[in-house]
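Just below is one structure, and these are the notes that go with it.
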Amino acid sequence: MSEYFLDGAPPVALTLRRSARARRISLRISQLDGRVTLTLPARVPEAEALAFAREKEAWIRQHLEARSEDVDIAIGAEIPIEGAMRQIVPADGRRLVLMADRIAVPGPAVAMRLQSWLKELARDRLAAASDDYARRLGRSYSRITLRDTRSRWGSCSSQGALMYSWRLILAPPEVLSYVAAHEVAHLAEMNHSPAFWAQVGRIYGPYEAPRQWLRAHGGELHRYRFSG
């Protein structure tokens, strides 16, 4: 891969990558970090790809400007918890307290404390949902693990191990439940065939709305940075 820049204010970083399977130049802007990637066929000169990017510069800048800024987790910041925005405020005591529009977090390691609490809440919600859907499906799973994955919201192994992104706890509850139903349905169908989607519909119900929510807004859940 090669790195280039589009001149301007501010300059825009471009990542050029070659693909033996690519048939034409393609352009992608990551919803997660705003990275602009140009994929080009093996024999296309880099100069041609850069010219393509310059032709699309207005479109690139428009999409980058529309992308929401990252949020550093600290006192005063806002974060969605189960789909509802809460402002992070200092806690009076040593306990973390969730309220309708706020969450009180004791210091000094606010980001670390909140992230740990969110992971535990995510595990509780996902375990309960997985148990419910596995019972409806008539299958059992072997274990649940939580990760901070960027490429997928969940997975199910051939051994029945379920994996979920803990950031699902930031999404509306019906979205978390849908992902749990989706992965549990793989216990019966390890594919995305019509039979698989029929299982999802049977144990969850109509799933198109939460599925579309994830497509439209899922990337925003990665805006929240817990490094502070």
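The values are calculated or read from the model by the stated rules, or taken from the named source; none is laboratory data. Everything numeric in this text was worked out from a predicted model, so none of it was measured. Neighbour counts run over all protein chains shown; Cβ positions are idealised from the backbone, glycine included. Ligands, DNA and RNA are stripped out before the accessible areas are found, and what is left, the full protein with its side chains, is counted by its heavy atoms. Shrake-Rupley method; radii C 1.70, N 1.55, O 1.52, S 1.80 Å.
Applying the condition of being without any contact (Cβ under 8 Å) to a residue 24 or more places away in the chain and of a type in the set (Lys, Arg) to the stretch 18-76 and asking which residue is nearest to residue 6 (Cα to Cα) yields 35.
Restricting to the stretch 59-74, give me the number of residues that are over 21 Å from the mean Cα position of the chain (by Cα), loosely packed, with under 15 Cβ neighbours inside 10 Å and of a type in the set (A, V, I, L, M). Residues meeting the conditions: 0.
Considering each of 98, 114 in turn, give the residue that is closer than 27 Å to residue 154 by Cβ, buried (at least 16 other Cβ atoms within 10 Å of the Cβ) and modelled with pLDDT of 95 or more. Working first, answer last.
Details: 98 fails: buried (at least 16 other Cβ atoms within 10 Å of the Cβ).
None of the others qualify; the one that does is 114.
Of the numbered criteria (1) surrounded by 12 or more Cβ atoms within 10 Å (Cβ to Cβ); (2) modelled with pLDDT under 90; (3) not polar (S, T, N, Q), the one residue 44 fails is (2). Checked against (1) of a type outside the set (Ser, Thr, Tyr); (2) closer than 28 Å to residue 87 by Cβ; (3) open to solvent by 40 Å² or more (accessible area, probe 1.4 Å); (4) out of contact with any strand residue (DSSP E or B) (no Cβ under 6 Å at 6 or more places or on another chain), residue 129 passes all but condition (3).
All of 54, 28, 35 fail the test of being modelled with pLDDT of 90 or more, open to solvent by 50 Å² or more (accessible area, probe 1.4 Å) and touching a strand residue (DSSP E or B) at 6+ places or on another chain (Cβ under 8 Å), apart from 54.
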